[in-house]
Ligand SMILES: [Zn+2]
């Protein structure tokens with residue numbers, strides 16, 4: 001992937017993971033450029049199909065397009081950073097993310113957004129006032 005495209009993805013995301021909103025500046029490793037629709041499912045390498053994702057969100061999302069809504073048990077599409085508005089789907093409860101929609105609940109589960117190590121790091125950054133950024 002060329003450097004200009006990567007830079008465009010990073011700038012658009014304001015250097016935050018587009019799933020968990022973690023700031024890249026505080027991450028141990030550089031973030032990945034995620035194919036929202038994985039290449040194996042026909043996703044393209046265009047700006048519209050790319051999102052900035054932290055290493056954890058990128059790894060747990062993998063090529064998945066859908067997940068299970070913990071409330072209804074229905075299979076639903078994962079949160080789509082280009083088509084969905086983050087704040088309409090997610091809200092904070094301290095360091096935990098709450099899904100306001102079926103898509104968000106499925107995403108929280110599939111990407112393990114509320115895993116224990118993430119909550120610990122978020123709590124520290126929240127105390128410092130640097131996360132979540134608006
Ligand atoms: Zn993330």
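Derivation of every value follows stated rules applied to the coordinates shown; laboratory data play no part. Quick caveat: nothing in here was measured; it's all calculated off a predicted structure. Cβ atoms come from the backbone with ideal geometry, glycine included; neighbour counts cover every protein chain shown.
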Cα shape, segment 52-114, gyration tensor, a/c 1.5 rule = rounded
query = With r defined as the distance between the Cβ atoms of residue 12 and residue 71 and R0 fixed at 25 Å, what FRET efficiency is calculated, to the nearest 0.05?
reply = 0.20
task = Just grab the label-to-label distance for residue 86 and residue 28, each label 7 Å out from Cα along the Cβ direction, in nm (one decimal).
result = 2.2 nm
request  = Treat the count of other C-beta atoms within 10 Å as a stand-in for reagent exposure and order 41, 35, 80 from fewest to most.
outcome  = 41, 80, 35
request  = Using a/c under 1.5 as the rounded threshold, could you call segment 23-134 rounded, prolate or oblate? The axes a ≥ b ≥ c are square roots of the C-alpha gyration tensor eigenvalues, and prolate needs a/b larger than b/c, oblate otherwise.
outcome  = oblate
ask   = Among rounded, prolate and oblate, which fits segment 37-78 when a ≥ b ≥ c are the square roots of the eigenvalues of its C-alpha gyration tensor, a/c under 1.5 means rounded, and a/b larger than b/c means prolate?
value = prolate
key: Pairwise FRET efficiency - residue 98 versus residue 130, Cβ, R0 = 22 Å, nearest 0.05   = 0.60
